[in-house]
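A short worksheet on the structure shown next.
The values are calculated or read from the model by the stated rules, or taken from the named source; none is laboratory data. In this text, all values refer to a predicted model and were calculated from it rather than measured experimentally. Note that each Cβ is placed from the backbone with ideal geometry, even for glycine, and that neighbours are counted across all protein chains shown. Side chains included, ligands, DNA and RNA excluded: accessible areas come from the protein's heavy atoms. Shrake-Rupley method; radii C 1.70, N 1.55, O 1.52, S 1.80 Å.
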Amino acid sequence: MTAKLISGTEVARQIREELTGETARLKERCGVVPGLVTILVGKNPASMSYVAGKQKTAKEIGFHSVQENLPEETTEGELLALIERCNRDEKIHGILVQLPLPRQIDETKVLYAIDPKKDVDGFHPVNVGKMVIGQADYLPCTPAGIQQLLVRSGVKIDGAEVVVVGRSNIVGKPIANILLQKQPGANATVTICHTGTRDMALHTRRADILIVAAGRPNAVTADMVKPGAVVIDVGVNRIGTTPEGKAKLVGDVDFEAVRQKASFITPVPGGVGPMTITMLMANTLKAAQIAAGVR
Ligand code: L34
């Protein structure tokens with residue numbers, strides 16, 4: 001069997017169309033334009049590309065969007081002061097501080113500083129806690145995007161065996177939490193594998209839905225996948241260079257081999273990445289709707 005491709009690009013386009021309509025309606029009815037600020041510290045090329053994607057998409061949907069570029073040597077105090085200004089700015093409904101941050105800045109302090117009502121990344125401990133108890137306002141963007149990809153591709157999540165490879169705070173832990181909730185688009189049996197897992201393949205071979213966020217090329221090979229499984233590849237690894245001097249993007253899954261065994265698989269690029277950006281827009285619109293009292 002050759003797996004069907006789940007196109008994140010296509011699902012993201014659909015959702016963005018919906019968001020564009022809702023944004024226009026919010027403006028018409030309430031005079032409110034959703035405002036998003038993206039804060040980038042330093043010049044990490046991958047981060048610059050992701051933030052540029054977020055800015056471009058925000059503008060296309062009709063948001064008020066502001067890009068703040070701070071130098072690599074920015075102090076923690078300077079970043080916290082900017083966040084404070086954004087917390088008070090009524091035109092701004094969503095604040096995103098792109099991770100990772102330079103070493104001199106304590107990430108935890110920064111995430112605590114963002115007003116939970118404007119935390120469209122869903123990383124503030126208040127929002128993490130709400131997600132765990134099934135009361136989330138803002139789900140973290142990458143996991144929310146994975147859930148949408150599954151739901152909109154017609155994958156049955158209810159009762160499925162889901163195995164997550166990776167336990168990061170931005171993907172592994174939240175996607176596991178989201179899919180185990182007793183809610184539509186969830187209610188799965190969830191296992192999380194990580195670097196301490198003794199026999200990874202033992203777990204991954206049981207998965208109906210395998211979500212791979214290991215951060216390493218070929219972390220999942222074909223022998224680790226059950227025939228007919230749905231495979232979601234969250235990895236974005238830049239390896240080698242093409243003749244034009246550009247980095248080649250690969251995921252965490254041995255794509256060509258696994259695609260012969262799976263029923264559905266997401267590509268890299270064009271899989272989860274575009275969904276991450278789109279769910280940030282969905283969260284920002286929701287923040288603006290809540291602020292306007294229409295949600
Ligand atoms: N605060 N930091 C914060 N929030 C986030 O949600 C992120 N993340 C991760 C890194 N740091 C963050 C992102 O935005 C990863 N991430 C992200 C966003 C977009 C894409 C990948 C990761 C993306 O658009 N990927 C494209 C390829 C883009 C390219 O060529 O580099 C894709 O098709 O996969």
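Of all residues in the range 219-235, those that are farther than 17 Å from residue 165 by Cα and open to solvent by less than 20 Å² (accessible area, probe 1.4 Å) total 0. Of the set (1) within 20 Å of residue 137 (Cα to Cα); (2) surrounded by fewer than 18 Cβ atoms within 10 Å (Cβ to Cβ), all apply to residue 64 but (1).
Looking at the structure I just gave you, is residue 247 open to solvent by 40 Å² or more (accessible area, probe 1.4 Å) and closer than 28 Å to residue 35 by Cβ? In short, no. Summed over the range 21-61, residues that are more than 16 Å from the ligand (Cβ to nearest atom), surrounded by 16 or more Cβ atoms within 10 Å (Cβ to Cβ) and not hydrophobic (A, V, I, L, M, F, W, C) total 4.
For the range 32-55, the set of residues classified as touching a strand residue (DSSP E or B) at 6+ places or on another chain (Cβ under 9 Å) and without any contact (Cβ under 8 Å) to a residue 60 or more places away in the chain consists of 37, 39, 40, 43, 45, 47, 48, 51, 52, 55, listed by residue number.
Yes/no per residue for (1) open to solvent by 30 Å² or more (accessible area, probe 1.4 Å); (2) assigned to a strand (DSSP E or B); (3) within 16 Å of the ligand (Cβ to nearest atom); (4) of a type outside the set (D, E, K, R):
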{"position": "178", "(1), (2), (3), (4)": "no, no, yes, yes"}
{"position": "203", "(1), (2), (3), (4)": "yes, no, no, yes"}
{"position": "211", "(1), (2), (3), (4)": "no, yes, yes, yes"}
{"position": "268", "(1), (2), (3), (4)": "yes, no, yes, yes"}
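Just one of the listed residues (82, 111, 5) is at negative phi and within 10 Å of the ligand (Cβ to nearest atom), namely 111. A single entry from 216, 238 fulfils the requirement of being open to solvent by 50 Å² or more (accessible area, probe 1.4 Å) and in a loop (DSSP other than H, G, I, E, B): 216. Quick one: is residue 137 touching a Pro at 6+ places or on another chain (Cβ under 7 Å) and assigned to a loop (DSSP other than H, G, I, E, B)? No, not satisfied.
Give the number of residues within the range 108-134 that are among the charged types (D, E, K, R) and under 18 Å from the mean Cα position of the chain (by Cα). Residues meeting the conditions: 4.
Only a single item in (1) within 16 Å of the ligand (Cβ to nearest atom); (2) surrounded by fewer than 16 Cβ atoms within 10 Å (Cβ to Cβ) is not met by residue 71, and it is number (1).
Each residue in the range 278-295 was checked for being under 21 Å from residue 148 (Cα atoms), open to solvent by 30 Å² or more (accessible area, probe 1.4 Å) and out of contact with any Asp or Glu (no Cβ under 8 Å at 6 or more places or on another chain), and 1 pass.
Under the condition of being surrounded by 15 or more Cβ atoms within 10 Å (Cβ to Cβ), without any contact (Cβ under 8 Å) to a residue 40 or more places away in the chain and part of a loop (DSSP other than H, G, I, E, B), the residues counted in the range 99-123 number 3. Cβ-Cβ distances below 8 Å connect the following pairs, each with a first residue in the range 161-184 that is closer than 22 Å to residue 228 by Cα and at pLDDT 95 or above, a second residue that is open to solvent by less than 10 Å² (accessible area, probe 1.4 Å) and of a type in the set (Ser, Thr, Tyr), and a separation of six or more residues or different chains: 163/204; 165/204. In the set (1) open to solvent by 30 Å² or more (accessible area, probe 1.4 Å); (2) part of a helix (DSSP H, G or I); (3) away from the ligand (no atom under 14 Å from the Cβ), residue 273 fails one condition alone, (3).
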